[in-house]
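The values are calculated or read from the model by the stated rules, or taken from the named source; none is laboratory data. The structure displayed is predicted, hence computed values, not measured ones. Cβ coordinates were reconstructed from backbone atoms using ideal geometry, including for glycine residues, and neighbour counts include every protein chain displayed.
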Amino acid sequence: MVRMGNDNWPEIGEFVVCTVKNVTDFGAYVELEEFGGREGFIHISEIKAGWVKYVRDYVREGQKIVCKVLNVDPSRGHIDLSLKDVNEHQRRAKIQEWKNEQKAAKWLQFVAEETKTDENGLQALHEKLVEEFGSAYSAFEEAAIEGEKAFKGLKVNKKYLKSITKIAGENIKLPFVDIAGYVDLTCNHPNGIEVIKQALNAANSISDVDGKDVRLEVSYTGAPRYRIKVIAPDYKKAESVLKKSAQTAIDTISKLGGHGTFKRHIESAKA
């Protein structure tokens, strides 16, 4: 969503997405995409490090570029920009952020249609989400992960939260990782099979404690080995749940007179 308003200007040092409008012998005029089409200027000395003979060798009309804001003068309506002060990592990150916000703006339009909200109400909702989450896209991302719990304490009409959560779930595919480890469980008591089952049930219950965003599967791979597979939003959480699950199995079987060990990886059999 474009940041509109007469007082809406970029900050010095900020990275901005621009569309090149006019290339001259001494620089290029651009339109700032996120600031209601405000115009900025890149002097030839800010196009590229070193000597530049022809500006058109580096930028052309219609091109989308990322610039760094050097100076802002609202009284003159002037914004000085630099292209050379933006490295490739910064360019990619800014373009991705801009694309994400474009997606979020489209999703907010869906929210407005679904909740019958007018443009003023939509703008107010957008501002509230940016204030709370840093960006509208981050709000949708949190909704996809946490559901309506992501908005706990936020003073926003519940109909918006329900709609945002629904649309987030339909449009954001969460990045999940899956890892596996192995436990060897043995028990020589007459009821050894039942003891092992209790240990495995205890290991499997860990996913319930860690929430709905974690899946845990325990499977038999061949006596005395059992495979514990964890699917979680990130490696840190996946590793934590895997170790907790394996340790729970080991502690449980040890208390019941058996023995257990954990292996994160299984070495391949040597020829």
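Got at least one residue in segment 163-172 being touching a Leu at 6+ places or on another chain (Cβ under 9 Å) and surrounded by 13 or more Cβ atoms within 10 Å (Cβ to Cβ)? Before the answer, list the steps.
At the first step, the residues of segment 163-172 found to be touching a Leu at 6+ places or on another chain (Cβ under 9 Å) are 164, 167.
So of that shortlist, the ones also surrounded by 13 or more Cβ atoms within 10 Å (Cβ to Cβ) come out as 164, 167.
So far as segment 163-172 goes, yes, one or more of its residues are touching a Leu at 6+ places or on another chain (Cβ under 9 Å) and surrounded by 13 or more Cβ atoms within 10 Å (Cβ to Cβ).
Among the candidates Gly62, Gly37, Gly13, which residue alone is surrounded by fewer than 18 Cβ atoms within 10 Å (Cβ to Cβ) and within 21 Å of Gln123 (Cβ to Cβ)? Steps first, answer last, please.
Working: Gly62 fails: within 21 Å of Gln123 (Cβ to Cβ); Gly13 fails: within 21 Å of Gln123 (Cβ to Cβ).
Answer to the selection: Gly37.
Would you mind finding the one in Ile47, Ile42, Ile95 that is under 24 Å from Gly27 (Cβ atoms), touching a residue at least 12 places away in the same chain (Cβ under 8 Å), within 29 Å of the chain's Cα centre (by Cα) and surrounded by 15 or more Cβ atoms within 10 Å (Cβ to Cβ)?
On the way: Ile47 fails: within 29 Å of the chain's Cα centre (by Cα); Ile42 fails: within 29 Å of the chain's Cα centre (by Cα).
Going through Ile47, Ile42, Ile95 in turn, just one is under 24 Å from Gly27 (Cβ atoms), touching a residue at least 12 places away in the same chain (Cβ under 8 Å), within 29 Å of the chain's Cα centre (by Cα) and surrounded by 15 or more Cβ atoms within 10 Å (Cβ to Cβ): Ile95.
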If we scan segment 68-77, do we find a residue that is over 27 Å from Gln109 (Cα atoms), touching a residue at least 24 places away in the same chain (Cβ under 8 Å), out of contact with any Lys or Arg (no Cβ under 7 Å at 6 or more places or on another chain) and among the basic types (Lys, Arg)? yes
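Only strands (runs of 3 or more DSSP E) wholly contained in segment 13-79 count here; list those with 3 or more residues that are among the β-branched types (Val, Ile, Thr), more than 20 Å from Gln90 (Cα to Cα) and in contact with a strand residue (DSSP E or B) (Cβ under 9 Å, 6 or more places away or on another chain). Step through it out loud before you land on a result.
Details: elements: 15-24, 27-32, 39-43, 64-73.
Counting at least 3 such residues, we get no strands (runs of 3 or more DSSP E) at all.
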Checking Leu81 against (1) touching a Phe, Trp or Tyr at 6+ places or on another chain (Cβ under 8 Å); (2) without any contact (Cβ under 8 Å) to a residue 40 or more places away in the chain, which test does it fail? (2)
Name, by its number, the condition in (1) small (Gly, Ala, Ser); (2) assigned to a loop (DSSP other than H, G, I, E, B); (3) under 17 Å from the mean Cα position of the chain (by Cα) that does not hold for Ala139. (2)
Checking Ala112 against (1) surrounded by 13 or more Cβ atoms within 10 Å (Cβ to Cβ); (2) in contact (Cβ under 8 Å) with a residue 60 or more places away in the chain, which test does it fail? (2)
If I ask for residues that are at pLDDT 85 or above, touching a strand residue (DSSP E or B) at 6+ places or on another chain (Cβ under 8 Å) and among the basic types (Lys, Arg), which ones from segment 203-246 would you list? Arg225, Arg227, Lys229, Lys243
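Against the definition (touching a Lys or Arg at 6+ places or on another chain (Cβ under 9 Å) and either of a type in the set (D, E, K, R) or modelled with pLDDT under 95 (or both)), how does Lys64 come out, yes or no? Show your work before the answer.
Working: touching a Lys or Arg at 6+ places or on another chain (Cβ under 9 Å): no; either of a type in the set (D, E, K, R) or modelled with pLDDT under 95 (or both): yes.
Against the criterion (touching a Lys or Arg at 6+ places or on another chain (Cβ under 9 Å) and either of a type in the set (D, E, K, R) or modelled with pLDDT under 95 (or both)), Lys64 does not qualify.
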How many residues does segment 214-229 hold that are surrounded by 16 or more Cβ atoms within 10 Å (Cβ to Cβ) and over 14 Å from Leu200 (Cα atoms)? 1
